[in-house]
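Accompanying notes for the structure given below.
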Amino acid sequence: MLRVTFLTVMLLGLWACTPDADDSLTTTPVESDDCLVKASASSGAIIVDTYIVVMKEGSLRSSATTASVQAQAEDLMRRYSSTSEENIESSFHGAAIDGFVAQLSEATVQRLQNDPAVDFVEPDRILGLCACVELVSARQVVWNVRKTGYGNGLNFSDKTVWIIDSGVDLDHPDLNIDTERSQSFVSGETTVDDVNGHGTHVAGIIGALNNNLGVLGVASGAHMVALKVLDKDGEGRVSDILRAVAYASQNGQAGDVVNMSLGGEGTSLALDREIRAAADKGILFAIAAGNEGEAASAYSPARINHSNVFTVSAVDSTDTFASFSNFGNDVVDVAAYGVRITSTWLNGRYAIASGTSAAAPHVAALLLIRGVRIPTRGTAKNDPDGVADPIARE
């Protein structure tokens with residue numbers, strides 16, 4: 001099963017990963033400094049009778065639109081659907097793939113797989129996030145930003161960082177989000193306002209404002225767009241991530257950066273293919289290696305090898321490889337600081353978090369400032385694969 005595990009963020013108490021959990025903060029101390037909690041029990045679970053249908057690339061691909069893909073999907077469903085309960089949930093037109101997400105019976109799946117216009121069909125799955133948070137009082141330039149280096153937003157004012165995550169706290173005084181281009185891909189949610197916290201933490205690392213308030217981002221003042229794929233419980237769908245990548249590819253430009261502080265056990269051919277196509281267009285990606293302490297090559301999208309895709313492992317303040325971080329010099333490109341990182345949080349607050357999801361946005365910010373020639377200095381101590389990852393920093 002495909003299990004997607006994100007940065008696990010830190011609270012003084014654990015935040016259970018069930019819809020019925022109490023979202024209030026507790027004061028029970030957490031013993032682990034890293035405070036990494038595994039994904040919820042439903043993470044990786046197949047969504048019953050729901051599938052991602054990917055169309056074959058054809059001669060009319062360059063003229064395809066979301067509307068034409070939708071029309072093709074409806075035509076296929078009219079031909080092959082056996083019951084009125086089967087329906088199309090959404091369609092997508094990306095840089096590499098066109099397709100749709102639908103509720104289908106096994107019989108209809110088989111018919112679609114045999115259609116000459118269909119490339120492949122894969123089940124949609126749940127992805128999940130657990131979190132624990134330690135709320136703190138922030139100071140302007142925290143250690144990880146000082147060690148990584150930081151830049152002035154005027155130097156990259158023509159570029160955008162697309163944050164595929166749980167949204168962003170739109171009222172946070174230390175963040176400036178482009179709400180016009182931001183979009184939610186979570187069913188039933190029209191706002192990108194973050195009610196989980198994870199995306200807000202990522203956004204602060206990348207671009208928290210230089211306003212004498214709170215913290216300073218590595219690429220302070222960056223133009224940031226929130227693409228929401230996780231709900232309040234930190235759960236979403238692979239198909240939502242796929243649509244978000246397609247949206248960034250369609251609306252972004254060469255030199256823009258996509259931050260994907262997510263990863264998972266198992267693979268998705270559709271997601272990997274769309275990311276590679278966007279990277280072919282010159283869009284840069286910072287992707288978390290994952291927090292399982294395992295080989296990143298078993299995870300999508302961390303396993304992607306491409307000159308414009310940077311898979312990021314985590315180190316602590318002493319440059320020591322984080323015990324939770326996935327590894328593998330075959331797919332991991334760089335390490336970055338990802339242990340006890342202070343950044344923005346919900347309701348105008350600040351919190352400490354650990355994980356490769358905190359490491360990836362450091363690299364996203366450096367990609368925005370410097371392009372693919374990001375600076376590195378030193379290497380990760382005790383890298384478990386035996387080949388020390390270079391550390392992304394000035």
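Kindly indicate whether residue 208 is open to solvent by less than 10 Å² (accessible area, probe 1.4 Å), in contact with a Leu (Cβ under 7 Å, 6 or more places away or on another chain) and at pLDDT 90 or above.
yes
Select from the range 277-304 the residues that are of a type in the set (Ser, Thr, Tyr) and outside any loop (DSSP other than H, G, I, E, B) and write down the one among them that is farthest from residue 329 (Cα to Cα).
Result: 299.
Kindly establish whether residue 274 is in a loop (DSSP other than H, G, I, E, B) and farther than 25 Å from residue 325 by Cβ.
no
Show the residue pairs meeting these rules: Cβ distance below 9 Å; 6+ apart or different chains; first residue within the range 70-83 and basic (Lys, Arg); second residue assigned to a helix (DSSP H, G or I) and surrounded by 12 or more Cβ atoms within 10 Å (Cβ to Cβ).
Sorted first by the residue in the range 70-83, then by its partner, the pairs are 79/111.
Please enumerate the residues belonging to the range 285-310 that are open to solvent by less than 10 Å² (accessible area, probe 1.4 Å), touching a residue at least 60 places away in the same chain (Cβ under 8 Å) and hydrophobic (A, V, I, L, M, F, W, C).
286, 287, 288, 289 - these are the residues of the range 285-310 that are open to solvent by less than 10 Å² (accessible area, probe 1.4 Å), touching a residue at least 60 places away in the same chain (Cβ under 8 Å) and hydrophobic (A, V, I, L, M, F, W, C).
Before we move on, is residue 239 under 25 Å from residue 392 (Cα atoms), among the hydroxyl-bearing types (Ser, Thr, Tyr) and in contact with a strand residue (DSSP E or B) (Cβ under 8 Å, 6 or more places away or on another chain)?
Working: under 25 Å from residue 392 (Cα atoms): no; among the hydroxyl-bearing types (Ser, Thr, Tyr): yes; in contact with a strand residue (DSSP E or B) (Cβ under 8 Å, 6 or more places away or on another chain): yes.
No.
Given the condition assigned to a strand (DSSP E or B), under 22 Å from the mean Cα position of the chain (by Cα) and modelled with pLDDT of 90 or more, answer yes or no: does some residue in the range 54-73 qualify?
Yes, there is a match, as at least one residue in the range 54-73 is assigned to a strand (DSSP E or B), under 22 Å from the mean Cα position of the chain (by Cα) and modelled with pLDDT of 90 or more.
Does residue 272 meet the test of being within 18 Å of the chain's Cα centre (by Cα), open to solvent by 10 Å² or more (accessible area, probe 1.4 Å) and among the acidic types (Asp, Glu)?
no
Considering only residues that are crowded, with 24+ Cβ neighbours inside 10 Å, in contact with an Asp or Glu (Cβ under 8 Å, 6 or more places away or on another chain) and hydrophobic (A, V, I, L, M, F, W, C), look in the range 139-174 and name the one that is nearest to residue 363 (Cα to Cα).
The selected residue is 161.
Restricted to the range 232-243, and to residues that are among the small types (Gly, Ala, Ser) and under 12 Å from residue 166 (Cα atoms), which residue is modelled with the lowest pLDDT?
Checking each candidate, the answer is 234.
The values are calculated or read from the model by the stated rules, or taken from the named source; none is laboratory data. In this text, all values refer to a predicted model and were calculated from it rather than measured experimentally. We place every Cβ from the backbone using ideal geometry, glycine too, and count neighbours over all the protein chains shown. With ligands, DNA and RNA removed, areas are computed over all heavy atoms of the protein, side chains included. Shrake-Rupley method; radii C 1.70, N 1.55, O 1.52, S 1.80 Å.
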